[in-house]
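Working notes for the structure below.
The values are calculated or read from the model by the stated rules, or taken from the named source; none is laboratory data. All of these numbers come straight from a predicted model, not from anything done at the bench. Don't worry about glycine lacking a Cβ; one is built from the backbone with ideal geometry, like all the others, and counts go over all protein chains shown.
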Amino acid sequence: MLRATLKSLLARKLRLILSGLAVVLGVMFVSGSFVVTDTLNRTFDSIFADAFGATDVSVRAKPKIEVSELDGEEVAAPLPAAAVDKIKTIAGVRSATGRIDVDGARVIGSDGKVLTSMGPPRLGENWTGTDSLMQLRSGRGPEADDEIAVNANTAELAGLKLGDRVGVLTLEPKRQFTLVGIWGYTGGRDSIGGVQEVAFTTPVAQKLMLGQAGAFSTVTVQAADGVTPAQLRDRVAAAMGADYEVKTGEQLAGESADSIQEGLAFFNQILLGFAGVALFVGIFLILNTFSIIVAQRTKELALLRAMGASRRQVINSVLVEAVLIGLIAAVLGLAAGVGAGAGLAYLFGRFADLTLASIGVPLSAVLSAFVVGLVVTVVAAVLPALRASRIAPVAAMQEVSIPDRPLTRLSVAGGLVFSAGAATLGTGLFADAGDATLWLILGGVLVSFIGVALLTPLISKPVISGLGRLFSWSVPGRLGRLNSGRNPRRTAITAAALMVGIALVTGVTVIMDSAKSSLKAEATRILKAQIMISGDQTGPRPPTYDPAVIDKAAALPGVRAAAGLWNDLVTVDGSQEYVTATADLSRLAEAYGGTAAPLAVGQIAVSRPTADEKHWQTGQQVTVQGARGDPRSYTIGLIFPEDALPGGIILPAAAIKDFGLTQPRLGFVRLDDGVPVSAVLPQIKQLLADSPEVSATDSATFVNQQAAQFDQIITMIQILLGLAILIAVLGVVNTLALSVLERTRELGLLRAVGLGRAQTMRMITVEAVVISVFGALLGVAVGAGMGTAVTRALENDGITELVLPWGRMGTYLALAALVGVVAAVVPAVRAARLNVLGAIAHD
C-alpha cells in the first residue's frame with residue numbers, strides 16, 4: 001500500500017507542487033519571523049557588548065520613574081559631581097569618569113532639516129577623550145563652549161565637515177556650534193548601532209542635556225589590576241548606598257539587550273499572527289486540493305479496495321501523501337523563510353542604520369517549520385481521507401467521480417459554528433471579560449470565519465448563478481457559469497480562502513475609516529484654535545519647540561489667545577500616568593475652545609472621566625513625581641467636562657521643570673473673529689524658524705495629518721495580509737488546474753463538437769472570475785459586518801461614526817475580477833492545448 005501511494009504521488013508531480021505551495025508560503029512566513037528576530041537579537045547583543053565593552057562598572061542615580069522599552073524613554077536622574085569624587089576614593093578603583101550621555105541632541109543638517117531617527121538614540125555627550133573603542137578621525141575634541149564634535153555617522157547624515165557652523169536642538173532652543181572634530185570606532189565603524197552622537201564640553205553638556213550644572217548622568221569606573229568587575233561593583237554599591245544603581249558592563253549589555261528583545265518579541269508576535277492567518281487560508285487550499293485529488297483517484301482507490309485494502313489503509317494512504325507533501329513543503333518553506341528573514345533583517349538594518357549580525361537559523365525556526373508544515377497539511381487532509389475511505393469498491397469503479405452529497409448537514413453545522421463564533425465575538429466586544437477580552441475577540445473571529453466557510457456552499461449556488469449571468473451572453477460564458485456552480489463544496493472552499501483575507505482587510509478598513517471620521521468630527525466640534533503648532537514624531541522622542549514662540553504669537557495682531565502644551569509620563573499617587581501641563585490654564589482653555597478659571601498656586605485640573613476612574617474629588621490632594629526633581633503635592637482645583645480641555649490631568653507651569661522634556665510639544669493659536677488664517681499663519685511660521693522639528697498649519701490640515709495615521713495602519717495591514725491573499729489566489733489557480741485535469745475527457749468532447757481554443761480559454765477565465773468575485777463579495781460582506789460590530793462596540797471609546805468604505809470595497813471586487821483573469825491564464829492555456837483525440841480517450 002505504501003509503494004502504491006508513493007508511485008501515485010510521484011506520477012502526479014504537478015499535483016504535488018500545487019498541493020505543497022500554500023504550505024511553503026505559510027511556513028516561510030513563520031520561519032522567516034523567527035529568523036529575522038534572531039538576527040536582530042544577535043545584532044543588538046553585539047551592539048551593546050561593544051558599547052559597554054570598555055566599561056568595568058557603571059554607576060547612575062536611580063531614575064525617578066522607571067519606564068519600560070515599550071512605554072517610552074527613561075530619563076536619567078542627575079548624579080552630583082561629588083559622587084564622582086567619592087567613587088575615586090573606593091579601594092580597587094583605577095579611574096572614575098563622570099559622563100553625560102543623554103538622548104535628545106538633534107543635529108540640524110546642512111539642508112536645514114533635523115536629522116531624524118527611527119530607533120537609535122540621538123545622544124548628547126560630554127567630551128572625555130578617546131579610548132580603546134573610540135578613535136578621532138579628524139580635528140580635535142571641543143574646548144570652547146561653542147564647539148562640538150560628532151561621530152562619523154552624524155557627520156555623513158548631516159553633510160557636515162570640519163569648520164561648519166551647526167545648529168543643535170537640546171533641552172534649550174537651537175544653538176549654533178562650530179564643528180571641530182569627527183570620530184569613529186574600531187573596525188572602521190562610523191557609529192555603534194546607528195547612534196547619532198554630539199559631544200560638547202562638560203559644562204555645556206550639563207546645561208543642555210541635564211539642565212543642571214555640576215552633574216553627570218553616569219560614572220564609568222575602571223577596576224585596578226587584580227580586581228574583577230563583580231568585586232568592584234559590590235564595593236562601589238556598598239559605598240554609594242541604595243540611591244544608586246551599580247552594574248558591571250556585562251550586566252548593562254545584557255539588560256539593554258533584554259529590553260530591546262521585549263520590543264522584538266512583540267514584533268515577532270505580530271508577524272506570527274499574520275502567518276497564522278496565511279496558514280488558516282492555506283488549510284482551505286490544501287483541503288480543496290486533497291478533495292479534488294480524492295475525486296480524481298476514485299477508480300484507483302476503488303481498485304485498491306477491491307484488491308483487499310481496508311478503509312484504514314485508504315485513510316493512511318491519503319495521510320501518508322499529506323505527510324510527504326508537508327515534509328517537502330516544510331523544507332522548502334524553511335529555506336524560503338531563511339531568505340525572507342534575511343531580506344527583512346537587511347531592510348531593517350538599512351532603515352535603522354545597523355550593521356547586522358550574520359544570518360542564522362535558530363532551532364525555533366526549524367521546529368516551527370516542520371511542526372507547522374506537517375500539522376497544517378495533515379489537518380487539511382483528514383476530511384478528504386475519511387471521504388476516500390467511504391468509496392465503495394464496485395460502485396466507485398462505475399463512476400467518474402464521487403457524487404456530491406446534500407448540503408443539509410454541512411449547512412446546519414455551519415449555522416451552529418457561526419452562531420457560536422458570533423456569540424464569542426459579541427462577548428469579547430460588549431461584555432466586561434477582563435484579561436480574556438482579546439482572546440474572546442480573536443477566537444470569535446476565527447470561529448465565525450469557519451462558520452461562514454461552512455455556510456458558503458449553501459449560498460454559493462444562488463450567488464454564483466447571479467454573478468455568472470453577467471457573462472452568459474456567449475457560449476463560453478454560459479459554460480463557465482455552469483462549471484463554477486457545478487460543485488458547490490469545491491467552489492465554496494476556494495472562495496472561502498479569498499474571503500478570509502479580504503474580510504480582514506475590509507474589517508480593519510471599516511474600523512480605521514470610522515475612527516478617522518470620528519476623530520475629524522470630534523476635532524471640528526471641540527477645537528476652536530485655527531492654527532496648530534506640531535511635528536511628526538519619527539523616533540522615541542517627540543518634536544518640541546521654543547516656548548518663547550507662544551508668547552510672541554500671543555502678541556501678534558489678530559491673535560485672541562495662544563497656548564503651549566507640555567506632555568510627560570509621571571507617577572500620580574504611585575501610578576504611572578501621561579499628563580499635560582500649560583503655562584496658563586485659562587489661556588489654554590480660550591485657545592482650545594473651552595472655558596476654565598485660573599488655578600491657584602499648587603492646584604491642578606482633572607477631566608471628569610479621569611476623576612471618576614480615580615475616585616477623585618475637588619480639594620483632594622495628590623502626589624506627583626516627575627522625571628526630575630522631588631515629589632510634589634497638588635490639590636485638585638478643577639474637574640472639567642470631557643473634551644473641554646486637552647488631556648486628563650493638567651499640571652501647572654511649575655511642574656514643567658520636572659518633566660523629561662522642558663519644551664512644549666503642541667501649540668494652539670486662536671484668532672479674533674473675522675481674522676483670516678492666511679493673515680497670521682506666515683508670521684507664526686516665521687517665529688518657528690529656529691524650531692525646525694515642528695511647523696504651523698491650519699487646524700484642518702493638522703486634523704487631516706493626525707487622521708492620515710489610520711491610512712498608514714490600513715496600508716501596513718494590507719501588506720501583511722498580502723501573503724494570505726496570495727495563497728488564496730494560488731487556491732483559485734490550483735482548483736482550476738486540477739479541475740482541468742479532472743475534466744480532461746469533457747474538454748476533449750467540447751473541443752470535438754466545435755468549441756475553439758479561444759472559447760475554451762474564455763470558458764476557464766469566466767469560471768475563475770466568478771469564483772474570485774464570489775470570494776471577494778463574501779469577504780467584503782463579512783468584513784463590513786465584523787467591522788461594524790467592532791465599531792459599535794467602541795462607541796464609548798470615541799468612535800461614534802460608522803463609515804463603510806464603498807470605494808475601497810469596490811476596488812477589492814475589481815481586483816478580485818482581475819485576480820480571476822490572471823489565475824486562469826495557466827489552466828486556460830493548458831485546457832486549450834489538450835489533444836482532442838487524446839482527451840476523448842482519457843480515462
Being touching a strand residue (DSSP E or B) at 6+ places or on another chain (Cβ under 7 Å) and either in contact (Cβ under 8 Å) with a residue 40 or more places away in the chain or small (G, A, S) (or both), is that true of even one residue in the range 474-489?
-> no
Matching residues in the range 761-807 - criterion: being of a type in the set (K, R) and closer than 23 Å to S448 by Cα = R792
Residue tally, condition closer than 28 Å to V75 by Cα and assigned to a loop (DSSP other than H, G, I, E, B), over the range 156-165 = 0
Taking helices (runs of 4 or more DSSP H) that do not extend beyond the range 306-422, which have at least 2 residues that are modelled with pLDDT of 85 or more?
-> 311-352, 363-389
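Taking the options A679, A605, A611, name whichever one is touching a residue at least 40 places away in the same chain (Cβ under 8 Å), surrounded by 18 or more Cβ atoms within 10 Å (Cβ to Cβ) and among the hydrophobic types (A, V, I, L, M, F, W, C).
A605
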Yes/no for G660 being in contact with a Gly (Cβ under 9 Å, 6 or more places away or on another chain), touching a residue at least 12 places away in the same chain (Cβ under 8 Å) and under 21 Å from L115 (Cβ atoms) | yes
Being farther than 30 Å from D85 by Cα, in contact with a strand residue (DSSP E or B) (Cβ under 6 Å, 6 or more places away or on another chain) and either of a type in the set (F, W, Y) or surrounded by 17 or more Cβ atoms within 10 Å (Cβ to Cβ) (or both) narrows A158, A199, A149 down to just A158
In the range 547-566, what count of residues is obtained for those that are of a type outside the set (A, V, I, L, M), within 39 Å of the chain's Cα centre (by Cα) and surrounded by fewer than 21 Cβ atoms within 10 Å (Cβ to Cβ)?
-> 1
If you go through the range 510-524 one residue at a time, do you hit one that is hydrophobic (A, V, I, L, M, F, W, C), in contact with an Asp or Glu (Cβ under 8 Å, 6 or more places away or on another chain) and not assigned by TED's automatic domain parsing to the domain that holds V107?
-> yes
How many of the residues in the range 523-565 are farther than 23 Å from V67 by Cβ and part of a loop (DSSP other than H, G, I, E, B)?
-> 11
Answer yes if at least one residue in the range 814-830 is out of contact with any Pro (no Cβ under 8 Å at 6 or more places or on another chain), surrounded by fewer than 21 Cβ atoms within 10 Å (Cβ to Cβ), closer than 30 Å to G428 by Cβ and at pLDDT 80 or above, and no otherwise.
-> no
What number of residues within the range 462-490 satisfy the criterion of being at pLDDT 75 or above, surrounded by 24 or more Cβ atoms within 10 Å (Cβ to Cβ) and not hydrophobic (A, V, I, L, M, F, W, C)?
-> 0
Some residue of the range 40-63 being within 30 Å of V694 (Cβ to Cβ) and either touching a Cys at 6+ places or on another chain (Cβ under 8 Å) or outside any loop (DSSP other than H, G, I, E, B) (or both) = no
Please work out if S33 is at pLDDT below 85, outside the structural domain of N567 (by TED's automatic domain parsing) and buried (at least 24 other Cβ atoms within 10 Å of the Cβ).
-> no
Considering residues of the range 639-676 that are out of contact with any Pro (no Cβ under 9 Å at 6 or more places or on another chain), of a type in the set (A, V, I, L, M, F, W, C) and more than 30 Å from E74 (Cβ to Cβ) only, the residue surrounded by the most Cβ atoms within 10 Å (Cβ to Cβ) = V669
Please go through the range 568-585 and pick out each residue that is assigned to a strand (DSSP E or B) and either free of Cβ contacts under 8 Å to residues at least 40 places away in the same chain or surrounded by fewer than 19 Cβ atoms within 10 Å (Cβ to Cβ) (or both).
-> T571, S575, Q576, E577, Y578
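Any residue that is surrounded by fewer than 14 Cβ atoms within 10 Å (Cβ to Cβ) and at pLDDT 75 or above - is there at least one of those in the range 244-253? Walk me through it before giving the result.
Going residue by residue through the range 244-253, those that are surrounded by fewer than 14 Cβ atoms within 10 Å (Cβ to Cβ) are none.
Scanning the range 244-253 turns up no residue that is surrounded by fewer than 14 Cβ atoms within 10 Å (Cβ to Cβ) and at pLDDT 75 or above.
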Considering A83, A96, A91, A144, which residue is assigned to a strand (DSSP E or B) and at pLDDT 90 or above?
-> A96
Identify the residue in the range 361-393 that is in contact with a Gly (Cβ under 9 Å, 6 or more places away or on another chain) and among the β-branched types (V, I, T) and, among all such residues, is nearest to I286 (Cα to Cα).
-> T377
